[in-house]
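The values are calculated or read from the model by the stated rules, or taken from the named source; none is laboratory data. Everything numeric in this text was worked out from a predicted model, so none of it was measured. Cβ coordinates were reconstructed from backbone atoms using ideal geometry, including for glycine residues, and neighbour counts include every protein chain displayed. Note: areas computed on protein heavy atoms with side chains; ligands, DNA, RNA excluded. Shrake-Rupley method; radii C 1.70, N 1.55, O 1.52, S 1.80 Å.
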Amino acid sequence: MAMADNVLVSPDFLTLTLGIIVYFVGVLLNRHIAFLRNYNIPEPVTGGFLAAVAVWAFHQLSGTEIVFEMTTRDRLLVIFFATVGVNARLADLLVGGRALAVLCVLTVLFVFLQNGVGTLGAWLFGLPSAAGVIMGSIAFVGGHGTTIAWAPAIAAEHGFPAALEVGTAAATLGLIVASVLGGPVAKFLVERGKLTADASGPDGESAVARAEAAPIDKSNFMQALLLVNVAVVLGYVVHGPVTAMGVKLPLFVPCLIMGVVLSNTIPYIFPRMPWPARSPAMSLISDYSLSAFLAMSLMSMQLWTLAGVAGPLLVVVAMQALLAVAFILIVLFPLLGRDYQAAVLSAGFTGLSLGATPTAIASMTAVTRHYGPSPNAFIILPLVSAFFVDLVNMIAIQFFLAG
């Protein structure tokens, strides 16, 4: 580490190494603390926040600020979103049918409502209007990845320097709240309506387990890595002209779109070509990039900048949780058909709206293990969360920031 003027700088490779260590600290803590496991707190979040607290304590005691170089972290972000795009198959839209279409429409409505609540919270506490978007769909529907992607521009251009710290804190609180609420919401709906599971067909989570059991070798891993890299390169190529046209998009968006384009054209043009989308190797790349990205991002938070917004943040998180539950009970569950699948998707939407896709899948898995399978729910919700919600969120964010 290099030090100058009470600032300690961690070079990029050391930052990555520390991020991996922080991840394994989170693994160790989750393994030994039942609360973290039971509420599905991700390992990089556990380790990252512990490291952030350690950095805060070091800053308070020594007056020295630690600054982490983040070149590799930013690359991991675009790699992760490229894998999301690669795994999105437009043909699967036919599988979801009406429920998928309804969920997409309701997601659009909810994203705008969420930003409205965030903006209201920012107004109540005298914060810049951009803070409302950070405490809206950027942090909750978008999660840590979207927060970290948008926060630097909001901090620089919209007068809210604590954008990253507030957004990541809100996203993590959202993960916790989503993990706590998803199961009880579904339990209430299932037991009140005396709903029963559709036992036809294998459960979606079983198919995932079988896929994860498939072996990964050097060849299929390199194929998956090549495909991701091509999607990222094409994303870079598209990003330049789009930016020159005056359209401000985070780099991860064109990388995600290029992944979608590749996976929904090349396999049909060259049907005999091995295609690693949704393979265990692709899952490994996705999991690694996201885990290291989150650990590095969270450990680098400057928690001392939160002092002035801690109260408003807690209030806004409570407002967002109330909005999500009310929306699910009054709007989403009835429009999805009031059946068992709708209840399972309600649990998943709790995770999608307040936490992240892993939280949503974890909540749905807990519900189906208790009450029985719901195969299509495990297809419908990832389709919305993996691709559609990011595009809708991007439009909503730009709309509110321009307003």
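What's the number of the condition LEU227 fails, among (1) more than 30 Å from GLY337 (Cβ to Cβ); (2) under 21 Å from the mean Cα position of the chain (by Cα); (3) of a type in the set (A, V, I, L, M); (4) at pLDDT 85 or above?
Single failed check for LEU227: (2).
Can you tell me which of PHE35, PHE49, PHE68, PHE13 is of a type in the set (Phe, Trp, Tyr), in contact with a strand residue (DSSP E or B) (Cβ under 8 Å, 6 or more places away or on another chain) and at negative phi?
Selected residue: PHE68, the only one of PHE35, PHE49, PHE68, PHE13 that is of a type in the set (Phe, Trp, Tyr), in contact with a strand residue (DSSP E or B) (Cβ under 8 Å, 6 or more places away or on another chain) and at negative phi.
Which pairs do you get when a residue that is farther than 17 Å from ILE148 by Cβ, found in region 272-292, comes within reach of a residue that is among the acidic types (Asp, Glu), reach meaning Cβ atoms under 8 angstrom, with the pair 6+ apart or on two chains?
Matching pairs, first to second residue: PRO280/GLU212; SER283/GLU212.
With the checklist (1) over 20 Å from THR46 (Cβ atoms); (2) open to solvent by less than 60 Å² (accessible area, probe 1.4 Å); (3) part of a loop (DSSP other than H, G, I, E, B); (4) not small (Gly, Ala, Ser) in hand, flag the one item MET273 doesn't pass.
Only one criterion in (1) over 20 Å from THR46 (Cβ atoms); (2) open to solvent by less than 60 Å² (accessible area, probe 1.4 Å); (3) part of a loop (DSSP other than H, G, I, E, B); (4) not small (Gly, Ala, Ser) is unmet by MET273, namely (2).
In this structure, is ILE66 of a type in the set (A, V, I, L, M), part of a loop (DSSP other than H, G, I, E, B) and out of contact with any Asp or Glu (no Cβ under 6 Å at 6 or more places or on another chain)?
So ILE66 does not fit the description; no.
Does at least one position in region 61-68 carry a residue that is open to solvent by 70 Å² or more (accessible area, probe 1.4 Å) and either modelled with pLDDT of 85 or more or of a type in the set (Gly, Ala, Ser) (or both)?
Within region 61-68, one or more residues are open to solvent by 70 Å² or more (accessible area, probe 1.4 Å) and either modelled with pLDDT of 85 or more or of a type in the set (Gly, Ala, Ser) (or both).
Could you list all residues from region 344-401 that are open to solvent by 20 Å² or more (accessible area, probe 1.4 Å), over 19 Å from the mean Cα position of the chain (by Cα) and modelled with pLDDT of 80 or more?
Across region 344-401, the qualifying residues are TYR371, PRO373, PHE399, PHE400, LEU401.
Quick one: in region 238-252, of everything that is in a helix (DSSP H, G or I) and out of contact with any Leu (no Cβ under 8 Å at 6 or more places or on another chain), which residue is surrounded by the fewest Cβ atoms within 10 Å (Cβ to Cβ)?
So, considering only residues that are in a helix (DSSP H, G or I) and out of contact with any Leu (no Cβ under 8 Å at 6 or more places or on another chain), the one surrounded by the fewest Cβ atoms within 10 Å (Cβ to Cβ) is ALA244.
Taking the options ALA207, ALA151, ALA169, name whichever one is assigned to a helix (DSSP H, G or I), closer than 29 Å to ILE285 by Cβ, modelled with pLDDT under 85 and under 22 Å from the mean Cα position of the chain (by Cα).
After applying the criteria, what remains is ALA169.
For residues that are open to solvent by 60 Å² or more (accessible area, probe 1.4 Å) and more than 22 Å from the chain's Cα centre (by Cα), scanning just region 24-53, find the one that is nearest to PRO254 (Cα to Cα).
The qualifying residue nearest to PRO254 (Cα to Cα) is VAL53.
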